[in-house]
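Colleague: Here it is: the structure, laid out below.
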Amino acid sequence: MHNGVLIIACGALAREITELKRSYGWNHLHLKCIDARLHNRPDKIPHRVRALIRENRASFEHIFVAYADCGTGAALDRVLREEGVERLPGAHCYDLYAGRKRFAALSSAEPGTFYLTDFLVRHFKRLVIGPLRLDEHPELRDAYFGNYARVVYLSQTRDAEKLDAAKAAAARLSLPFEHVHCGFGELETELAQRISRWDDGQEDLHLLA
């Protein structure tokens with residue numbers, strides 16, 4: 001068994017977790033990622049997570065899942081209870097980055113909000129424009145986004161190029177743009193707390209709901 005921690009993560013969080021590993025010096029942390037495109041098929045996420053847990057259980061002292069519910073309708077939580085593994089809190093990465101209180105305020109202020117993160121900004125064409133065929137059929141914009149009132153970019157890094165790209169994405173969708181800088185939010189605090197607890201030899205006491 002490795003004297004280390006395995007993080008099973010959504011690919012959308014890979015760059016941020018790798019940066020946290022570097023900045024905190026978590027040399028004992030290992031990362032295995034699942035393709036972020038499974039967000040289009042969330043029913044497949046619990047099965048993939050379970051498979052990775054079982055494939056790696058004998059090799060690591062601790063396993064943690066860096067997913068929120070991510071549209072699985074609590075199916076991921078059922079799997080994790082059965083496997084005895086924790087996950088990140090929350091419903092999706094937006095309230096993970098923004099913090100649940102701030103995200104609730106954003107959603108309450110304007111329910112018709114389309115959210116971007118650094119990952120979605122980097123892959124906007126591949127994950128939004130391409131699958132929705134908006135390049136070929138721009139007239140479909142109203143069908144998909146007609147009920148949205150704004151785009152809010154929840155940024156993890158302060159990067160002028162990403163900010164410009166996020167503004168361009170909002171313009172592509174013909175929606176007003178707002179920027180809220182979040183940093184790594186609860187992704188950082190949750191991982192830091194757990195890894196510190198494990199490194200201190202404390203037992204996991206509960207599973208997150």
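Only the coordinates and a few stated rules stand behind these numbers; no lab work does. Please read these numbers as outputs of a predicted model, since none were measured by experiment. Note that we place each Cβ from the backbone using ideal geometry, even for glycine, and neighbour counts take in every protein chain shown.
Colleague: Treat segment 100-181 as a sphere of radius equal to its Kirkwood radius over Cα pairs and apply Stokes-Einstein at 4 °C in a medium of 1.567 mPa s; give the translational diffusion coefficient in µm²/s, rounded to a whole number. Walk me through the numbers on the way to the answer.
Modeller: Values: Rh = 13.1 Å.
Approximately 99 µm²/s, per Stokes-Einstein.
Colleague: Reachable lysines from residue 167, Cα under 19 Å, same-chain residues fewer than 8 places away excluded?
Modeller: Straight-distance partners of residue 167: 125.
Colleague: When 10, 70, 93, 33 are ordered from fewest to most other Cβ atoms inside 10 Å of their Cβ, what list results?
Modeller: Details: 10 24, 70 21, 93 28, 33 18.
Result, fewest neighbours first: 33, 70, 10, 93.
Colleague: Taking the alpha-carbon centroid of each part, what is the distance from segment 182-202 to segment 47-92 in angstrom?
Modeller: Centre-to-centre distance over Cα atoms comes out at 17 Å.
Colleague: Grab the beta carbon distance between residue 59 and residue 158, set R0 = 45 Å, and tell me the FRET efficiency rounded to 0.05.
Modeller: Working: r = 37 Å, r/R0 = 0.83.
With a Förster radius of 45 Å, E is 0.75.
Colleague: Taking only the Cα atoms of the chain, how large is their convex hull per residue, in Å³?
Modeller: Values: hull volume 25.3 nm³, N = 209.
Convex hull of Cα atoms, per residue: 121 Å³.
Colleague: Kirkwood hydrodynamic radius, computed over distinct alpha-carbon pairs, for segment 48-92: how many Å, to one decimal?
Modeller: On the way: mean 1/r = 0.0928 Å⁻¹.
Radius from the Kirkwood sum: 10.8 Å.
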